[in-house]
Amino acid sequence: MLVEFKLPDVGEGITEGEIVRWCVSEGEMVEEDQVLAEVQTDKAVVELPSPAAGKVKRLWAEAGDVVPVGAVLVTIDSEQSATKQLETEQHPQMDRNTEIHKGEHNASSAELIAPAPGRETEQQTAHKLRSGVPLAVPSVRRLARELKVDLREVAGTGKQGRITEEDVRRYAQAREQLAAEQELAPSQMHKSGQQLVQAIQTAEEADQERVQLKGIRRAMARNMKLSLATIAHCTGFDEADATGMIRMRESMQASATEEGVRLTYLPFITKAVVYALKKHPLFNATFNEERDEILFNREINIGIAVDTPQGLVVPVIPQAGQKSILELAREIQGLSEKAREQKLTLREMQGGTFTISNIGSIGGMWATPLIQPPQVAILGVHKIYKKPVVKEDPLEGDQVVIRRVIGVSLSFDHRIIDGAQSARFMQDVIKYIESPHLLLLEAR
C-alpha cells in the first residue's frame, strides 16, 4: 500500500519549510521513525521521521526546495504490518497533525511510481492539478495583491517554476515601463510585459550576483518587515555605569567556573530586566490590535537574540523570573550553543514575552532594535567602554572619574506605552545594573 507523507502543520503560523537535506533516497528501504529529511522552518531545523516502514518509492522535492504545509514529500510502499499502526498512531516526534493518506489516489498510483527522468515537470503538473494556482509562497501572493499583479501572467524563476518576490516586482516594473512606452512610442505597443521583463533581467544579470534568501535569514526578513509594518516603534537611549556589575561578576566568576558555567554579563542584565518587568508588567504584555486588548503575561519568558552564521535566532528562557543568576547563565550558555549548532527545537523558540538583543560583544554604541511581534518591547545592550563621568560628592565636591559604562536602548510599542512609562522602566533596569547588590536584596 502506498503511503503519502506530507509536510505536517507544526503550528506557530508556519506555512512552509525548506528541505535542508534528504537522509534517504528513492528505492531505499526505511524503518518506521527513521529520519527521512531535515526541514528548515521559520523557527528551526526539524527532523522528519518516517511514519511507516517500507520502500521509498518517490521523493517529491529536492534539497533546497521550499514546500508548503500539506504538500506531499515522500511516497512509501509500506509493509502490511506497519500500515495497520498508521491508522491509529500519531507521529511521535512531530508536535501534531502529521497527515498520512493511504492510497487515496489509486488512479494516480502509476504516476507516483513513475521513473525519475522528467520529475520536475511532473511535479509542476501535479501541483497545478492539486491546487489550480501558480507556485508561490503566501508573502509573494500578498505582494502580488498589493501590486495588483495576476500571478498567472508571471513566469516563475524559482525552484520548480516557483514565483518569487523578485519575479512579481520585476513584472510590476515592466508593466509600468510598458505603460510609459505606450504613451511615448505607440509603434512599440506590441511589446509584451514579459519581453520587457526579460530585457531588464538580462541587463541586471550582467552586473549582479543572485543569492536566494532562505531559511532563517528569509524568516528574519519577513519578521522584521512585519514588525515595522504593524508596530508603532519608538526607541529611547541611555547609559548605565557598569562598574558595580563588573565587580560582582568578577567576584562570582570562580564559583561559576566550578559549576561548569561561563558567567558573562548577560545573566546580570537579564536579571535586571526581570525585576524591572515585575514592576512594569505592561512591558511583559502583548497587544491584540483587532480587539483593542492588552494581554498581560503571567510568566516572564525572556528571548535572547543570538548571532549565528545562518542569521539571527531568538531562543527563549522560560520562567526567567523564577531563576537565579547562575541558572540564567547556564541556560543562556546552553541555548546559545544549540543555536549556533542549529539544534534548537521549536519549543525552545516559542513563548517569548520580552527580548534582549545583546550586541555589546561585537561593538557599536547605539542601535534601534525592532520588536518581535506580538511582544511590545525589546532591550538592546551595547558595548561596555571607559568614559570620564562626574561623580557628585556633597562633602568633597564633584570629581571627574573614569567609569565603565554600557549603552542601552529600549524600543517600545508607542500604541500602548508612552515615553514616561518607557523612561521609568529604563531607569529601573539601569538601577539594577549600577547597583547589582539589589538583585540579591530583592531575590525570592
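The values are calculated or read from the model by the stated rules, or taken from the named source; none is laboratory data. What you are looking at is a predicted structure, and each value in this text was computed from that prediction instead of being measured. All Cβ positions, glycine included, derive from the backbone under ideal geometry; neighbour counts span all protein chains shown. Keep in mind that these areas ignore ligands, DNA and RNA; they rest on the heavy atoms of the full protein, side chains included. Shrake-Rupley method; radii C 1.70, N 1.55, O 1.52, S 1.80 Å.
In the range 250-269, the residues that are within 10 Å of L328 (Cα to Cα) form Cβ pairs under 8 Å with partners that are in a loop (DSSP other than H, G, I, E, B), at six or more places apart or across chains, as follows: F268/P436. Scanning for something closer than 20 Å to V314 by Cα, at pLDDT below 95 and out of contact with any Gly (no Cβ under 9 Å at 6 or more places or on another chain), does the range 379-388 turn up at least one residue? Taking every residue of the range 379-388 in turn, none turns out to be closer than 20 Å to V314 by Cα, at pLDDT below 95 and out of contact with any Gly (no Cβ under 9 Å at 6 or more places or on another chain). For the range 237-249, the set of residues classified as open to solvent by 20 Å² or more (accessible area, probe 1.4 Å), under 17 Å from Q427 (Cβ atoms) and either among the small types (G, A, S) or free of Cβ contacts under 8 Å to residues at least 24 places away in the same chain (or both) consists of G244 only. Looking only at the range 394-410, residues that are open to solvent by 50 Å² or more (accessible area, probe 1.4 Å) and polar (S, T, N, Q) come to 1 in all. For the range 343-362, the count of residues that are open to solvent by less than 60 Å² (accessible area, probe 1.4 Å), of a type in the set (A, V, I, L, M) and closer than 20 Å to I433 by Cα is nonzero. Criterion applied to V3, V74, V39 was being modelled with pLDDT under 85 and among the aliphatic types (A, V, I, L, M), and the one residue passing it is V39. K225 meets all of the listed conditions (1) open to solvent by 50 Å² or more (accessible area, probe 1.4 Å); (2) in contact with a strand residue (DSSP E or B) (Cβ under 6 Å, 6 or more places away or on another chain) but one, namely (2). Figure legend. Inter-residue proximity from the range 38-66: first residues open to solvent by less than 20 Å² (accessible area, probe 1.4 Å), second residues modelled with pLDDT of 85 or more and among the hydroxyl-bearing types (S, T, Y), beta-carbon distance below 9 Å, spacing 6+ or different chains. Indicated pairs: V56/S25; V56/S50; V56/T75; R58/T75; L59/S25; L59/T75.
Of the residues making up the range 308-342, not one is free of Cβ contacts under 8 Å to residues at least 24 places away in the same chain, touching a helix residue (DSSP H, G or I) at 6+ places or on another chain (Cβ under 8 Å) and of a type in the set (S, T, N, Q).
For the range 368-393, taking the residues that are in a loop (DSSP other than H, G, I, E, B) and closer than 17 Å to V273 by Cβ, the one that is most open to solvent (accessible area, probe 1.4 Å) is identified as Q372. What number goes with the only condition from (1) in contact with a Pro (Cβ under 7 Å, 6 or more places away or on another chain); (2) more than 16 Å from E327 (Cβ to Cβ); (3) modelled with pLDDT of 95 or more that G244 does not pass? Of (1) in contact with a Pro (Cβ under 7 Å, 6 or more places away or on another chain); (2) more than 16 Å from E327 (Cβ to Cβ); (3) modelled with pLDDT of 95 or more, only one is false for G244: (3). D428 meets all of the listed conditions (1) among the charged types (D, E, K, R); (2) at pLDDT 95 or above; (3) open to solvent by 50 Å² or more (accessible area, probe 1.4 Å) but one, namely (3). So for the range 414-429 (the condition being of a type in the set (K, R), touching a residue at least 12 places away in the same chain (Cβ under 8 Å) and either in a strand (DSSP E or B) or farther than 25 Å from T353 by Cβ (or both)), does at least one residue qualify? So far as the range 414-429 goes, no, none of its residues is of a type in the set (K, R), touching a residue at least 12 places away in the same chain (Cβ under 8 Å) and either in a strand (DSSP E or B) or farther than 25 Å from T353 by Cβ (or both). Inspection of the range 25-33 identifies no residue that is closer than 15 Å to K6 by Cα and assigned to a strand (DSSP E or B).
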